[in-house]
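The values are calculated or read from the model by the stated rules, or taken from the named source; none is laboratory data. Bear in mind that the values here come from a model prediction, so they are computed numbers and not experimental data. Cβ placement follows ideal geometry from the backbone for every residue including glycine, while neighbour counts extend to all protein chains displayed.
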Amino acid sequence: MLQLRDYQREDVEIIKTKKRIGLFNEQRTGKTPTICVALKELSHKRVVIVCPNSMLYVWKYEYERWTGNKAVIIKKDTQYDKLTKDDAIIMSYGKLSYKNKMSEFTHLERVLKHKPTAFVCDEAHILSNRETNYNTTCTAVSRVVDTCIVATGTPARDKPLS
């Protein structure tokens, strides 16, 4: 049976009391299971998770393992067809912010059409520059959800903003 450590359980309880929160625990301390359990206990199913490409399958595995809910990794436009109304979407920052002029909808529009209730940004230090497409698209999603969680274990830079 899966069980969180005491400090993770404390973090879950804090996350459940906030609509917008940052989780900045050190690397390798179990932020992903903590976030998954918090989402489950908040009854979020239509979750959007953005993360680096290297973490897509880790997030899918951990999300399904800790929540018992299905997640779909979006790498191609056709994968939106596999979504049911309660599936989580997992995609890279690059995919969410990519604008294909040949496509009728951007990925951002397709994500918003799914009507997500929670949004998770893993490795959120990527968003430190407000001028990037990553920041713009993530901000757009964060404005329409009930719960937004940003997480990173990367130490802070010497300046709060780039």
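ASN25 meets the conditions (1) of a type outside the set (Asp, Glu); (2) more than 18 Å from THR137 (Cα to Cα); (3) within 14 Å of the chain's Cα centre (by Cα) in every case but one. The failed one is (3). Figure legend. Inter-residue proximity from the stretch 63-86: first residues within 12 Å of LYS45 (Cα to Cα), second residues aromatic (Phe, Trp, Tyr), beta-carbon distance below 6 Å, spacing 6+ or different chains. Indicated pairs: ALA71/TYR63. Taking the stretch 86-119 as the range and being at pLDDT 90 or above and in contact with an Asp or Glu (Cβ under 7 Å, 6 or more places away or on another chain) as the test, the residues that pass are THR117, ALA118. Filtered by the rule that a residue be surrounded by 14 or more Cβ atoms within 10 Å (Cβ to Cβ) and part of a loop (DSSP other than H, G, I, E, B), the stretch 78-89 gives LEU83, ASP87. Residues that are surrounded by fewer than 21 Cβ atoms within 10 Å (Cβ to Cβ) and hydrophobic (A, V, I, L, M, F, W, C) were ranked within the stretch 90-123; the one that is farthest from ASN53 (Cα to Cα) is MET102.
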